[in-house]
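The values are calculated or read from the model by the stated rules, or taken from the named source; none is laboratory data. Given the structure is predicted, the values throughout are model-derived calculations rather than measurements. Methodologically, a virtual Cβ is constructed for each residue, glycine included, from the backbone with ideal geometry; neighbour enumeration extends over all protein chains shown.
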Amino acid sequence: MFAPFGPVLVLPIGMNPTLSLRTLKAGRTAIPRNPALYVDRGIVVLNKPAGIVCQFQSTERGKPIPTEVRKDGYDLNGLLIGLQEALPLDRRPFPVHRLDKGTTGALVFARSLSQAHELSKQFQTGTVEKTYLALVRGGVKSFPDSHGRIDSPIQYCDGRASLDDSHDSKPSITEWELVNYSPNAPLSLLRFKLLTGHKHQLRVHAAHCLNAPILGDTLYSTKPVSDAITRITKIPVDRIFLHSSQLSLFRYRPTGPRKRFRLGISAPLPEDFLKICIDAGIKVDPVEAKGGLTINGKLVEDGIVPEIDGHWIPNDERSRE
């Protein structure tokens with residue numbers, strides 16, 4: 001079951017509103033020196049900024065490098081170097097899955113090759129639960145219900161996805177829930193559960209099945225943003241408001257009768273995402289706004305998972321440039 005939204009507007013602990021507004025006015029997203037959210041013996045989870053490409057290619061020496069960098073020169077390789085130095089780690093972590101360039105949020109890395117193989121198997125078998133939050137262009141009356149399930153196959157042509165039920169299309173299933181909506185503009189907050197993990201799946205399903213494209217998505221919707229939205233908030237350029245809110249995966253205790261447990265890592269919402277919610281009057285769940293850990297669905301108040309040397313990294317340790 002999805003958690004209900006909270007009753008108040010909140011900001012993450014440690015968020016600096018002055019820095020947030022200055023950053024947004026400058027038209028860029030601040031990059032934390034240490035973007036790590038959680039670390040234990042086997043994994044590191046970071047809060048991926050917008051504009052970072054997760055696809056790697058090999059150099060002549062076999063070392064992975066990203067295929068593209070941000071306009072400010074920042075790339076995933078630089079992010080991982082900073083991560084390795086900040087924690088510190090004995091080696092650079094191994095990528096096991098990807099997020100689209102414009103998507104922010106929880107991104108997990110393995111600290112060893114054996115752990116990378118184990119995590120990759122979880123992703124391949126669908127045992128990793130992936131939850132996203134998105135701001136979409138559509139008010140409460142745009143949706144047929146408060147929640148639903150989309151089962152619409154996707155086909156790809158030149159890297160672009162489209163709905164298609166032909167023999168070579170990919171089965172694509174998304175669960176969605178209307179979390180909250182703006183009382184002042186046709187803008188809503190949706191929570192998605194990705195049951196199949198295909199490229200641009202959420203973007204296509206939102207735009208073409210719900211008729212509510214994700215805010216900032218110009219690939220699957222060419223319609224201009226409503227004046228009712230732009231009057232109440234400023235939309236950053238080249239920014240799509242899709243956030244990997246939580247990853248839930250299996251971890252294992254070294255001893256005891258119940259070694260396997262489900263660990264959930266929730267990534268704090270980006271400041272520009274929260275600012276639009278505030279401007280539009282959209283209420284946000286406090287846990288989803290500031291992030292945190294769960295074990296078997298229960299919040300870990302102190303952020304510590306002692307059996308696997310795991311801990312949540314406080315916001316003040318994820319200092320910004």
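Please enumerate the residues belonging to region 119-129 that are in contact (Cβ under 8 Å) with a residue 40 or more places away in the chain and out of contact with any helix residue (DSSP H, G or I) (no Cβ under 9 Å at 6 or more places or on another chain).
Result: LEU119, GLN122, PHE123, GLY126, GLU129.
Identify, please: which residue in region 242-271 is charged (D, E, K, R) and outside any helix (DSSP H, G or I) and is, among those, nearest to the chain's Cα centre (by Cα)?
Taking the candidates together, the pick is ARG262.
Among strands (runs of 3 or more DSSP E) lying entirely in region 104-180, which contain 1 or more residues that are of a type in the set (Phe, Trp, Tyr)?
In region 104-180, 104-110, 129-137, 154-157 are the strands (runs of 3 or more DSSP E) which contain 1 or more residues that are of a type in the set (Phe, Trp, Tyr).
Does any residue in region 146-163 that is over 16 Å from LYS193 (Cα atoms) and polar (S, T, N, Q) come within less than 6 Å, Cβ to Cβ, of a residue that is part of a strand (DSSP E or B) and modelled with pLDDT of 85 or more six or more places away or on a different chain, and which pairs are these?
SER162/GLN155
Cβ-Cβ under 7 Å, sequence separation 6+ or interchain: first residue in region 280-293 and buried (at least 20 other Cβ atoms within 10 Å of the Cβ), partner in a strand (DSSP E or B) and among the charged types (D, E, K, R). Which pairs?
Nothing qualifies.
Checking ILE265 against (1) surrounded by 13 or more Cβ atoms within 10 Å (Cβ to Cβ); (2) farther than 22 Å from LYS101 by Cβ: exactly one of these is not met. Which one?
Unmet for ILE265, out of (1) surrounded by 13 or more Cβ atoms within 10 Å (Cβ to Cβ); (2) farther than 22 Å from LYS101 by Cβ: (2).
Restricting attention to region 286-313, which residues are part of a strand (DSSP E or B) and among the small types (Gly, Ala, Ser)?
Hits for region 286-313 are GLY292, GLY310.
Tell me which residues, restricted to region 178-220, are of a type in the set (Ser, Thr, Tyr) and more than 18 Å from TYR156 (Cβ to Cβ).
TYR181, SER182, SER188, THR218, listed by residue number.
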